[in-house]
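Down below is the structure, laid out as structure tokens.
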Amino acid sequence: MTVQADIKIARKENVPSIPVEAFHINQAKLCRYAADHNIACKPSCEQCHTAGQDHPAPIWIYQNNEFIEKEVRVGLWDDKYYELLDDLHEDHIIVGF
């Protein structure tokens, strides 16, 4: 006999969040796309972490005709979203493929 269960250890509502896919952008593909479309591509993380609670993880934003890599801190997460602990500006568009 086997059992599958989801145990919730924390819950927050109405918090800024980012889709999980935003942390899985292939930098090489994004920069090739940018080059093909006359968009600047500015990587900034040489040894970025993967997303995890309380440490920065890289996302890509689109701003002023540039793709810019930016580290953000995340909090709680599930299989679809990460809680965003850092503020993003209204003109930041999060890149996701």
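From the set of residues in the range 1-37 that are under 21 Å from Tyr81 (Cβ atoms) and among the charged types (D, E, K, R), which is surrounded by the fewest Cβ atoms within 10 Å (Cβ to Cβ)?
Applying the filter and picking the extreme gives Glu13.
What residue, among those in the range 76-92 that are touching a residue at least 60 places away in the same chain (Cβ under 8 Å) and not in a loop (DSSP other than H, G, I, E, B), is farthest from Asn64 (Cα to Cα)?
The extreme case among them is Leu76.
Residue pairs, Cβ under 8 Å, 6 or more apart or interchain, first in the range 1-30 and closer than 26 Å to Glu69 by Cα, second surrounded by 10 or more Cβ atoms within 10 Å (Cβ to Cβ) and acidic (Asp, Glu). List them.
Val15/Glu83; Pro16/Glu83; Ser17/Glu83; Gln27/Glu69
With respect to Val3, determine if the residue is in a strand (DSSP E or B) and at pLDDT 85 or above.
Judged against the criteria, Val3 is not a match.
Evaluate the following for Ala34: is it touching a Cys at 6+ places or on another chain (Cβ under 7 Å), of a type in the set (Gly, Ala, Ser) and modelled with pLDDT of 80 or more?
yes
Evaluate the range 40-58: report whether one residue or more is aliphatic (A, V, I, L, M), touching a strand residue (DSSP E or B) at 6+ places or on another chain (Cβ under 9 Å), surrounded by 15 or more Cβ atoms within 10 Å (Cβ to Cβ) and modelled with pLDDT of 80 or more.
Checking the range 40-58: not a single residue is aliphatic (A, V, I, L, M), touching a strand residue (DSSP E or B) at 6+ places or on another chain (Cβ under 9 Å), surrounded by 15 or more Cβ atoms within 10 Å (Cβ to Cβ) and modelled with pLDDT of 80 or more.
Report yes if Tyr62 is closer than 13 Å to Ile18 by Cα, part of a strand (DSSP E or B) and modelled with pLDDT of 85 or more, otherwise no.
For Tyr62, the condition - closer than 13 Å to Ile18 by Cα, part of a strand (DSSP E or B) and modelled with pLDDT of 85 or more - is not met.
The values are calculated or read from the model by the stated rules, or taken from the named source; none is laboratory data. Just so it is clear, the structure is predicted and the values come from calculations on it, not from any experiment. Note that we place each Cβ from the backbone using ideal geometry, even for glycine, and neighbour counts take in every protein chain shown.
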